[in-house]
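Working notes, beginning with the structure itself.
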Amino acid sequence: MGCSPAWPNPGSAHSGYVVHGAGAVLLDCGPGVLARLRHADGWPTVEAIVITHFHLDHWGDLVPWVWGALYLKARDHALPRPHVWVPPTGRAQLEHFGTLLGFPDMFDRVFEVSEYEPGVPFVAEGYAVTATRVPHYTLEAYALSLSDGDRTLAYSGDAGPGPAVVDVGRGADLFLCEATLAHGDLDGQPRGHLSLSEAEAAFEESGADTLLVTHRPAELPVPHHHLLAFDGLVVEV
């Protein structure tokens, strides 16, 4: 649905990836993602949403999702109630955001909200999902591994280099990995993003089958031999 970095690429939404198979699960829900989901379905039909961290470009469209769902509900529309999985302490963070943006329980009125535990698999619409803590500046952030028992998708979320990113991708059929930076030495300290060469290195060390580069600014070139995410891309795993 969207794959832009922290600022939008031309015509692109922010992070949002729908996994179809056992069910329909949305990984992250950044600004612009809701509009693209609406273009496909009128109103989103995903059953579960997993949020990797609370930088705006990865969760911000949960806010207009609430307002739209409440409006349609008031007009006697029957809408799905997606299960939203958030990082540890995420329920309290959503309540805080609700206090600032509307009302404290605004997200609970539309979503079923649960917190996941690092390293403890949970089930989201038929997928076994495991969240792994990854470095992302000083913010708590997670990468995800999803499996239906036969195939595995790894998603880095936003992550700096380190063994955790490699472990998430280990043995995956598809490794959806961010590559935000031109060079790793341009990053802050502590690290929070990967360069393309660092994403390649993590992929190669993980032994994953296929690398799909994402969260890449349009201003940075990507060699043609790389599979680069773009809004509307469909990849069969």
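Brief remarks on what is shown
- Overall form of region 1-101 per C-alpha gyration tensor (a/c, 1.5; a/b vs b/c): rounded
- Residue among 58, 226, 83 with the largest mean-square fluctuation in a Gaussian network model of the chain, springs linking Cα atoms under 10 Å: 226
- The residues neighbouring residue 140, those whose beta-carbon lies less than 14 Å from its own, together hold a net charge of -1 under the Lys/Arg +1, Asp/Glu -1 convention.
- Nearest-ten-degree value, helix 196-206 long axis tilted from longest Cα axis of the chain: 90
- Inter-part distance, region 171-209 to region 106-169, computed on C-alpha centroids, equals 16 Å.
- Of the Cα atoms belonging to region 175-217, the radius of gyration and Dmax stand at 10.2, 31 Å.
- Net charge of Cβ neighbours under 14 Å - reference residue 217; Lys, Arg +1; Asp, Glu -1: -4
- Cα-based shape type of region 124-237, given that a ≥ b ≥ c are square roots of the gyration tensor eigenvalues and the cut on a/c is 1.5: oblate
- Antiparallel DSSP beta bridges within region 17-228, as percent of all bridges there, nearest 5: 45
- Reported value for region 111-158: 85 Å³ per residue, from the convex hull of its C-alpha atoms.
- Above 33 Å, the calculated P(r) of region 17-228 contains 15 percent of its Cα-Cα pairs.
- Ranked list, fewest to most other Cβ atoms within 10 Å of each Cβ, for 177, 3: 3, 177
- For the chain, size of Cβ-based charge dipole, Lys and Arg +1, Asp and Glu -1, in debye: 600
- Helix axis angle, 90-101 relative to the chain longest principal axis, alpha carbon, degrees: 60
- Region 49-150 shape via C-alpha gyration tensor axes, a/c threshold 1.5: oblate
- Sorting the segments 109-118, 137-146 by their mean number of nearby beta carbons within 10 angstrom, highest to lowest, gives 137-146, 109-118.
- Local electrostatic count, residue 21, Cβ distance below 11 Å [Lys/Arg +1, Asp/Glu -1]: -3
Just so you know, all these numbers are worked out from the coordinates, no wet-lab data involved. Computed from a predicted model, the values in this text were never measured in an experiment. Ideal geometry is used to build each Cβ from the backbone, glycine not excepted, and the neighbour counts take in all protein chains shown.
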